[in-house]
Every structure is written in structure tokens, then in C-alpha cells.
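No value in this document is a laboratory result; all are computed from the given coordinates. The structure displayed is predicted, hence computed values, not measured ones. Note: ideal-geometry Cβ built from the backbone for every residue, glycine included; neighbour counts use all protein chains shown.
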Amino acid sequence: MHMDCRKSQENFFRYGRQEYNIDALSSYEKTNVDETVKVVNPKYRQLEKEIRSAAGKLGRKHLKRKEMSLRDTPSEKDIKRYEARQGELTKEIEELTDTVQRKKEQKKNTAKHITVKELPEKFKFKMFHGGRKKFIDIIKMIAYRAETAIANIMKPHLSKHDKDTARNIAKNIFQTSADIYPDPKNKILAVKLHYLDTHKKDRVIKKLIEFLNETECCFPGTDLKISYDFVSNKNP
């Protein structure tokens with residue numbers, strides 16, 4: 001009955017991962033940001049935006065004035081129109097140049113980063129709690145460290161040229177099915193591993209099994225001693 005419940009839970013989470021990508025989800029709960037955290041000053045960011053905009057306009061005005069020209073035999077009307085347009089562009093260029101210089105001076109005197117506490121009210125924000133993501137990250141970290149420990153146990157039993165495959169063998173173990181047989185009467189939890197695709201890997205795993213069995217470790221929360229073996233008693 002307990003194994004049926006576990007299978008149901010595993011199927012549920014497997015479906016959730018495949019169909020809804022729950023591993024990538026974070027908590028939707030929002031929480032206040034630490035007021036001592038430093039963020040980019042909105043005023044500084046706005047000044048940068050305004051400087052880029054003014055500098056872009058200034059460059060286009062310079063180009064426009066440079067490209068203006070009179071025909072070979074201009075009339076008096078053409079000359080007046082040319083001079084008027086040149087005057088307008090020159091005035092616009094001077095105004096934009098002053099704007100850029102003024103904004104740059106303001107930017108120089110504005111702090112780039114401020115604390116969340118110093119943010120204007122309209123810029124204050126909340127962040128997702130992230131508790132679930134932290135929980136999953138912890139599980140991933142534990143799994144990685146377990147993988148590393150298993151790889152280190154197997155390395156001495158691999159040849160010099162095969163030592164880099166230790167981590168891959170560890171991954172194969174985690175990805176391969178295993179049978180679990182609880183025996184409360186004898187206080188044993190038998191874990192039966194399935195054979196991999198090569199005898200070389202199976203021989204190394206046999207050494208790992210011997211090492212783990214020597215630890216006589218009990219399954220957490222029970223008095224069942226974990227006993228590892230292959231699904232059959234044949235020697236790989």
C-alpha cells in the first residue's frame with residue numbers, strides 16, 4: 001500500500017515536470033526587499049537615457065548641416081533660405097550641446113547606486129519569495145555532492161584512461177531503474193540495481209556496492225539497514 005502511494009506521488013511529480021516544468025517555477029509569494037540592498041538609481045538611469053537621446057539628435061543635426069549645400073548658380077532666394085536653415089540648425093545644435101553637457105554634469109553629481117530604502121516610493125518594488133527555488137537548488141546540490149562522492153569511490157577501480165568516466169557511471173546509476181524490497185522482519189531494505197550496458201561498468205559498480213554495504217547505513221527515519229546488490233547474484 002505504501003509503495004502504491006509512493007508510485008502515485010512519483011507519477012504526479014513526473015507529469016508536473018514534463019507538462020508544467022515545475023522544476024523551473026519559483027514561489028509566487030511576494031516579500032519585501034532588504035532595504036540595505038543597493039540598486040541602480042532611477043534618476044541616474046533616466047539621465048543616461050536622456051543623454052543618449054540628446055546625443056543621437058545632436059549627431060543627426062550635425063550630419064544634416066554638413067550635407068546642406070547650394071547649387072552652382074543659386075538665386076538670392078536660395079541663399080536666404082540656405083542661411084536661414086543653417087542658422088536654425090546651428091541654434092538647435094548649440095541647444096542640444098548645452099543639454100548634453102548639462103545632463104552629463106547632473107549625471108556626474110548623481111549616485112549610480114542607492115539603497116532600496118532611498119528609492120522614491122513609486123520605484124519601490126517587491127520580489128518573489130524564491131523559497132521553492134532555494135529548496136530545489138539544495139536538492140540539486142546534495143545530488144551533485146552525492147554524485148561526486150560516488151565517482152571518487154569508483155575512481156581507484158578504473159584504469160588511468162577511464163577515470164574521467166567515473167562521473168558518467170554515477171549518472172548512469174541514478175538514471176537506471178532499481179528495485180526496492182523492504183524487509184521489516186529482518187530489518188533490511190534491499191536495493192537491487194539493474195545492470196548497465198557494459199561489464200566494465202558493472203564491475204566498477206560491484207566495488208561501489210561492496211563499499212556501501214560495509215557502511216551498514218540505515219534508511220533515514222527507520223531501523224532498516226540498506227543492502228545493495230544487483231538484481232541477480234551473477235558476478236559481473
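Please find the FRET efficiency linking Q101 to E147, where r is the Cβ-Cβ separation and R0 is fixed at 45 Å, and quote it to the nearest 0.05. Intermediate values should be presented prior to the final figure.
Numbers: r = 59 Å, r/R0 = 1.31.
Approximately 0.15, to the nearest 0.05.
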Env charge @ A84, Cβ radius under 12 Å, K,R +1 / D,E -1, value +2
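To the nearest 0.05, how large is the calculated FRET efficiency for L70 and E94 if R₀ is 22 Å and r is the Cβ-Cβ distance?
Numbers: r = 23 Å, r/R0 = 1.03.
The computed FRET efficiency comes out at 0.45.
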Amide H neighbours of L196 at under 5 Å, excluding residues fewer than 5 places away on the same chain, with H built from the backbone geometry, are D202
Residues meeting the amide H criterion for S227 (H placed from the backbone, H to H distance under 5 Å, 5 or more places apart or on another chain) are L189, A190, V191
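For the stretch 38-124, what is one quarter of the convex hull surface built on the Cα atoms, given in nm²? Each step should come with its number before you reach the end.
Working: hull surface 27.9 nm².
About 7.0 nm², averaged over all directions.
Ranked from highest to lowest mean number of other Cβ atoms within 10 Å per residue, what is the order of the peptides 135-142, 58-65?
On the way: 135-142: 11.1, 58-65: 13.9.
Going from most to least packed, we get 58-65, 135-142.
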Stretched fully, the stretch from A190 through V33 gains (0.36 nm per residue minus C-alpha distance, one decimal, in nm) 51.7 nm
Once amide hydrogens are built 1.01 Å from N within the peptide plane, the residues lying 5 or more places from N41 or on another chain with amide H under 5 Å from its amide H are H113, I114
With label points set 7 Å from each Cα along the Cα-to-Cβ direction at E48 and E118, the distance between them in nm comes to 1.6 nm
Between I180 and K200, the FRET efficiency computed from the C-beta separation at R0 = 22 Å comes out, to the nearest 0.05, as 0.25
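Can you give the Rg to Rh ratio for the stretch 131-230, taking only C-alpha atoms and Rh from Kirkwood?
Details: Rg = 14.9 Å, Rh = 14.8 Å.
Looking at the stretch 131-230, the ratio lands at 1.01.
Using the Cα centre of the stretch 131-230 as the reference point, and only Cβ charges (+1 on K/R, -1 on D/E), how large is the resulting charge dipole? Debye, rounded to the nearest 20.
Values: 19 positive and 13 negative charges, 86 e Å.
Rounded to the nearest 20 debye, it is 420 debye.
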Excluding residues fewer than 8 positions from K155 in its own chain, the lysines with Cα under 18 Å of it are K163, K171, K200, K201, K206, K207
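If you take every residue apart from F123 with its C-beta less than 11 Å away from the C-beta of F123, what net charge results, scoring Lys and Arg +1 and Asp and Glu -1? Intermediate results must be reported in sequence, preceding the final value.
Values: positive: K43, R45, K122, K124; negative: E118, E121.
Result for the local shell: +2.
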Among S75, A111, A54, the residue whose Cα sits farthest towards the positive end of the charge dipole of the stretch 38-124 (+1 at Cβ of Lys and Arg, -1 at Cβ of Asp and Glu, taken about the Cα centre) is A111
Here the relative contact order (percent) of the stretch 131-230, from C-alpha pairs under 8 Å and at least 6 apart, is 24 percent
